[in-house]
């Protein structure tokens, strides 16, 4: 039995979440542009789940940048 590091599993799940969300945003932006002439919907017309995904991705990105700056091999 192969033992996988928990960090690798978490990393794959996070990357899959980000990839799926980006794919969904690209598809919905194409449909939105065809219907309304705008790429991005207004914040008020977005569903609660999409708002949560948007905020979650921003928080995840900021946490990743903090980690890269302070704890990774790129740290000063």
Original post:
Do we have any residue at all in segment 53-69 that's at pLDDT 75 or above and in contact with a helix residue (DSSP H, G or I) (Cβ under 6 Å, 6 or more places away or on another chain)?
Top reply: yes
**OP:** May I ask you to verify whether residue 15 is in contact with a helix residue (DSSP H, G or I) (Cβ under 7 Å, 6 or more places away or on another chain), in a helix (DSSP H, G or I), at negative phi and modelled with pLDDT of 75 or more?
**Re:** no
Original post:
Is there a residue being free of Cβ contacts under 8 Å to residues at least 24 places away in the same chain and not in a helix (DSSP H, G or I) anywhere in segment 43-56?
Top reply: yes
Subject >> Failed criterion for residue 73 (all others in (1) assigned to a helix (DSSP H, G or I); (2) modelled with pLDDT under 80; (3) loosely packed, with under 12 Cβ neighbours inside 10 Å hold) >> reply: (1)
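The values are calculated or read from the model by the stated rules, or taken from the named source; none is laboratory data. Nothing here was measured: the structure is a model prediction, and the numbers come from that model. All Cβ positions, glycine included, derive from the backbone under ideal geometry; neighbour counts span all protein chains shown.
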